[in-house]
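Everything below concerns the one structure shown next.
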Amino acid sequence: MKILILSQYFPPDVTAAAYRISETAMILKDKGHEVVVITSTPHKGGQETLNESVFSKDELIRVPVKPLSGQGVKAYLDQYLGFAFKALWRALRLQKHFNYDVVWVTSPPLFIVIASLSLQVLARRPTVLDIRDIWPESAVGIGKVRRGSLMEKIGKLLELVAYRYSSALTCVSKPMKEYIENMTARKVDVVYNGVAMDHTDPMRSSAHSDYQGSVFCYSGNLGYAQGLESLVKAFAEALKNPIMEGARLDIIGTGVLEGKLRQQVESLGLADSIRFYGVKPKAEAMVIMARSSVLLISLVDSDAFEMTVPSKVFDCMSIGRPIIGGIRGEGAKILAECRANIVVSPEDVDALCDAFVRMRLEWVERSECVKENVKIVKDRYTRKVSVEVLEAALAAVN
């Protein structure tokens, strides 16, 4: 097949969406498909460099996006709408040289739907819409969009149109599939945020932790959706327990709340116990995580996030460390399959505090079970398995 992919995020952007698209595109190429990606110029604060020799200049097309000039709705709209229309224009021009068979378009941002549906009409090609988060509900859940506002109403309308008129849809979890199927007659397939095979390397997953249950590590976006203020507060409470003497929390990543989190740590007097690494290339972050004792996954308590499975669930499980997960939904169920992990309700400070203490006390016993985490990922949640599902979904509409 000749496959066109539209995604606002792509390495060197350090986001789950960027890795989802780049790794998927590479596997599709390896399987013999012709793939072209239209994406934006890097704008998500990454240090990582992509080996772009994997993609020729004709296979990876970047369009400029307007940098965020603030955190208001207008700033985001300028960027999201700008990319949607520029990507559409490039996709229409591209058809003269690369007569693609099918288009795979990934959202959020939700406004990429404008490009997706327009291509169905103007280019007369089937478009499969990939849903990673339910929008605008996710934006409402983290307070970026007000409930009942004009923005929410426009988003709901755009969401409904997207579900009903796309050729088919893919999403990242079973609950999300059920939600979408209640709004459309189109076929919906679950393409999990699996891990690339090198992330399930036995040498990495069996690497010895440098610390005996004393170093807890969070790696990811420091944004509104992650519930990190509750995580920091819970860790501060846990440190009052004598069993936590010498414990440390490492935070890898950056985001809009980094400054606020640093201020919180300073106000709690925990500068010696909580370390900020800043943003790191994914491979380097994975090594730091592997040297830690316990990995952390956190989200805010929102019905919209209950429908997703965070990509870091699979990344953390592939490393082979005990995990504390403050999440709900299918992601929580997957984590609970392994006896090494502890799952609690999102943003429940008391439960998270208890989980820190329990994990320190039970670290040796739980570490003996971590191979279950690695096996679950290898058997069911590799990127290769996910691409096979996607490949069938694209072929079905072609």
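What the table shows:
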read-out	value
DSSP beta bridge pairing in the chain, given as percent antiparallel to the nearest 5	0 percent
Cα long-axis angle, helix 349-361 against the chain (0 to 90 degrees, to the nearest 10)	60 degrees
Prolate/oblate/rounded label for the stretch 118-198 (Cα gyration tensor, a/c 1.5)	oblate
Three-way shape label, the stretch 302-363, alpha-carbon gyration tensor, a/c 1.5	oblate
Contact order relative to length of the chain, as percent, for alpha carbon pairs under 8 angstrom and 6 or more apart	16 percent
Long-range amide H partners of V37 with built H, under 5 Å	I5, L60, I61
Percent of Cα pairs exceeding the 22 Å cut-off, where the set is the stretch 73-177	32 percent
Built amide H within the under 5 Å cut-off of V102, gap 5+	K2, L4
Above-threshold pairs, the threshold being 28 Å between Cα atoms, out of K233/K384; K86/K333; K31/K57; K96/K282; K2/K57	K233/K384; K86/K333; K96/K282
Debye, to nearest 20: dipole size of the chain, +1 on Lys, Arg Cβ, -1 on Asp, Glu Cβ	1180 debye
Estimated vicinal HN-Hα couplings, Hz - the stretch 270-280 in sequence order (Karplus 6.51, -1.76, 1.60; Gly, Pro = x)	10, 4, 7, 10, 10, 10, 9, 8, x, 6, 10
Mean separation of Cα contacts under 8 Å (6+ apart) over length of the stretch 244-398, as relative contact order %	18 percent
3J(HN,Hα) from dihedral phi, the stretch 371-385, Karplus parametrisation 6.51/-1.76/1.60, rounded to Hz, x for glycine, proline	4, 5, 4, 5, 5, 4, 5, 4, 6, 10, 10, 7, 4, 4, 4
Placed amide H near D130: partners under 5 Å, 5+ positions off or other chain	V105, T106, S107, T170
Exposure of R262 as accessible area (Å², to 10), given a probe of 1.4 Å and all protein chains	100 Å²
Solvent exposure ordering (accessible area, 1.4 Å, most first) of V54, V35	V54, V35
Accessible area of T24 in the full protein assembly, 1.4 Å probe (Å², nearest 10)	10 Å²
Cα gyration tensor, the stretch 291-398 - rounded (a/c under 1.5), prolate or oblate	oblate
Base-10 log of normalised Debye intensity for the stretch 345-398 (one unit scatterer per alpha-carbon) at q = 0.19, 0.24 Å⁻¹	-0.79, -0.91
Convex hull projection area averaged over all views, the chain, Cα basis, nm²	18.1 nm²
With Cα atoms, 0 to 90° folded angle of helix 16-30 axis to the chain main axis	60 degrees
Residue-level accessible surface for Y381, protein heavy atoms, 1.4 Å, Å²	10 Å²
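The values are calculated or read from the model by the stated rules, or taken from the named source; none is laboratory data. Keep in mind that this is a model prediction, so the values were computed, not measured. Cβ atoms come from the backbone with ideal geometry, glycine included; neighbour counts cover every protein chain shown. Please note that ligands, DNA and RNA were not included when accessible areas were found on the heavy atoms of the full protein model with its side chains. Shrake-Rupley method; radii C 1.70, N 1.55, O 1.52, S 1.80 Å.
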